[in-house]
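Student: My structure is below; once you've seen it, I'll send some questions.
The values are calculated or read from the model by the stated rules, or taken from the named source; none is laboratory data. As the structure is a prediction and not an experimental result, all values here were calculated from the model. Please note: Cβ atoms are built from the backbone with ideal geometry, for glycine as well, and neighbour counts cover all protein chains shown. To get the accessible areas, we keep the full protein, side chains included, count just its heavy atoms, and leave off ligands, DNA and RNA. Shrake-Rupley method; radii C 1.70, N 1.55, O 1.52, S 1.80 Å.
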Amino acid sequence: MRQQWLSRSGTQEVLLVFGGWALGPAPFQGLSGDADTLFVDDYTRLDNPLSDLAQYDRVNLIAFSFGVASAAHWLTQTGLQPDRLVAVSGTLSPADAEHGIAPDMIRATADQLCTASFAKFCRRAGLETAAPAIEIDAARAELFGVIERGTAPDRKFDRIWIPQRDRIIPTRAQQAAWAGQQDAVREVSAPHVPFAAGQSWKEWIA
């Protein structure tokens, strides 16, 4: 797992962000907030303990796309209990035909991955900025890592956001995956990347 600080001002509250596959922090660039913000991605392996979190009084976690299952796996391994846990555009079963993306489709994405196909993925996801730079071999290995890791342990989320126009992880798959946590679900009229400039992190954590 790779980590980078998006903001750090010495507050006692930290927002831990599990990003999606290969997009880096680009989907979140328009969001603002007061908390220190630590971004993580690259889920080929989940062996980073993120020891910097120990210094904070409050830890909120927001997980996006494939970051949802990865966060749940990581929380189980580390035993960390966030004060608030939020899922956006993802499920606990990322490689699953009914509750995520069919494994064969993920494998095809990996096998055919190139700069052009990744740019198309970014457009389908609704990313409003240019496609980030991508390391093809590393991104391919991450996809296979997600498939091999499989469904994450069941975990209750405080808020679950499902985009109504998701062309990456189908909306209906997300709805089926979270049927047991309907009280936490909110649907938003947006694509896979639902974040917009001018929004705050607090809006998504609420």
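Student: Out of segment 178-206, which residues are part of a helix (DSSP H, G or I) and more than 16 Å from the chain's Cα centre (by Cα)?
Tutor: Ala179, Gly180, Gln181, Gln182, Asp183, Ala184, Lys202, Glu203
Student: In the list Gly90, Gly150, Gly126, Gly67, which residue meets the criterion of being touching a residue at least 12 places away in the same chain (Cβ under 8 Å) and more than 19 Å from Trp178 (Cα to Cα)?
Tutor: Just one listed residue meets the conditions, Gly126.
Student: Here is a follow-up. Taking segment 128-159 only, how many residues are of a type in the set (A, V, I, L, M), open to solvent by 20 Å² or more (accessible area, probe 1.4 Å) and either farther than 13 Å from Asp42 by Cβ or at pLDDT below 95 (or both)?
Tutor: 5
Student: Okay, next question. Just give me the residues in segment 127-173 being closer than 21 Å to Pro191 by Cβ, of a type in the set (A, V, I, L, M, F, W, C) and not in a loop (DSSP other than H, G, I, E, B), in sequence order.
Tutor: Matches in segment 127-173: Ala139, Leu143, Val146, Ile160, Trp161, Ile162, Ala173.
Student: Another question, then. Scan segment 97-126 residue by residue and report those that are assigned to a loop (DSSP other than H, G, I, E, B) and open to solvent by 40 Å² or more (accessible area, probe 1.4 Å).
Tutor: Across segment 97-126, the qualifying residues are Ala97, Glu98, His99, Gln112, Cys114.
Student: Out of Ala54, Ala26, I need the residue that is in contact (Cβ under 8 Å) with a residue 60 or more places away in the chain, surrounded by fewer than 21 Cβ atoms within 10 Å (Cβ to Cβ) and of a type in the set (A, V, I, L, M). Which one?
Tutor: The unique qualifying residue is Ala26.
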